Amino acid sequence: MAATAPARFTSADRLRIARAERRRIRTTLEGLEPGQWSAPSLCAGWTVRDVAAHVAANARTGMARFLVSMAAHRFDHDAYNRTSAAAWGRRGERALLEALDTDRAMLAFRVAPALLLVDHVVHHQDIRRPLGLGAEFPEEHLAAALEAVTTAGPFAQDARRAQGRRVVATDIDWSHGEGPEEMRGTAEGLLLTLTGRDAPDVERPEAQ
C-alpha cells in the first residue's frame, strides 16, 4: 500500500477557495432567468432557490444562532438545513444575492474550512448541471474539494465510495487511493459521484 500523499491544500487555502466559490455562485445566480430559480437542483428535493438559500444561510448565520437553532432541531443537521433554507428562501432572490456578497464565515467553518469548501463547490454543481450551465470550475477548486472529500474526517461516509479503489481525474492532475479497481472521470463528475450524486460521465467498476 502506497503511503498517503501529503495534503496539497492548507486550511487557509480551503477557506480562500470556499470564499472564491461563493462569489462564483453569486455570479451564476445573478445570471438566472426568473423561472430557473424554481427549477429542481441535483440536491434531492431542493430547488435552485433552496440551494441558494442554504448557501446564504451558511454565509450569514453566526455561531451562536446556529447552535441555538441546532438545539431547537434536536441537533438533526438535515432538519436544521431544511428549516433555515426555507426561511432564507422566503426573503426573495435579491436578498439572497446580497447575502452572498460577503467573505464572512462562522467559527465552525473557520476551524474546519473543508466543510464550507465542499458545500460551496458541490452546491454550485447542484445548481449548474440541471440548468445546463456547464461544468466549468477552476482546477484548484475541484482538486481542493476532491482532496477534502477523500481525506477530511467529516466526509468519511463519502470517502467510503472510493474505498479500495484508485480514483483518477481525467482532466486535471489529481488521483487518490490504491486498489485493483479504478473510478475514472472528470474531476467535477468524480466530486458529484463521491458526494452521492449521479454523474454519467464517471466510469465505475460496478458499471463495467
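The values are calculated or read from the model by the stated rules, or taken from the named source; none is laboratory data. Predicted model, so just to flag it, every value in this text is computed and none were measured. Glycine also receives a Cβ, built like all others from the backbone with ideal geometry; neighbour counts cover every protein chain displayed.
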(request) Return the only residue of Arg49, Arg110 being of a type outside the set (A, V, I, L, M) and under 18 Å from Pro130 (Cβ atoms). (result) Arg49
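Every residue in the range 107-118 that is touching a residue at least 24 places away in the same chain (Cβ under 8 Å) and surrounded by fewer than 19 Cβ atoms within 10 Å (Cβ to Cβ), please. Explain how you work it out, then say what you get.
First, the residues of the range 107-118 that are touching a residue at least 24 places away in the same chain (Cβ under 8 Å): 107-110, 112-118.
The answer is Leu107, Ala108, Arg110, Ala112.
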(message) List the residue pairs whose Cβ atoms are under 8 Å apart, where the first residue sits in the range 149-160 and is over 9 Å from Ala114 (Cβ atoms), the second is β-branched (Val, Ile, Thr) and modelled with pLDDT under 90, and the two are 6 or more positions apart or on different chains.
(response) none
(message) Could you check the range 13-32 and list, in sequence order, the residues that are more than 15 Å from Arg94 (Cβ to Cβ) and of a type in the set (D, E, K, R)?
(response) Asp13, Arg14, Arg16, Arg19, Glu21, Arg22, Arg23, Arg24
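If you check Asn58 against the conditions, is it assigned by TED's automatic domain parsing to the domain that holds Asp126, of a type in the set (S, T, N, Q), in contact with an Asp or Glu (Cβ under 9 Å, 6 or more places away or on another chain) and part of a helix (DSSP H, G or I)? Write out each step before concluding.
Details: assigned by TED's automatic domain parsing to the domain that holds Asp126: yes; of a type in the set (S, T, N, Q): yes; in contact with an Asp or Glu (Cβ under 9 Å, 6 or more places away or on another chain): yes; part of a helix (DSSP H, G or I): yes.
Here the answer is yes, as Asn58 does meet what is asked.
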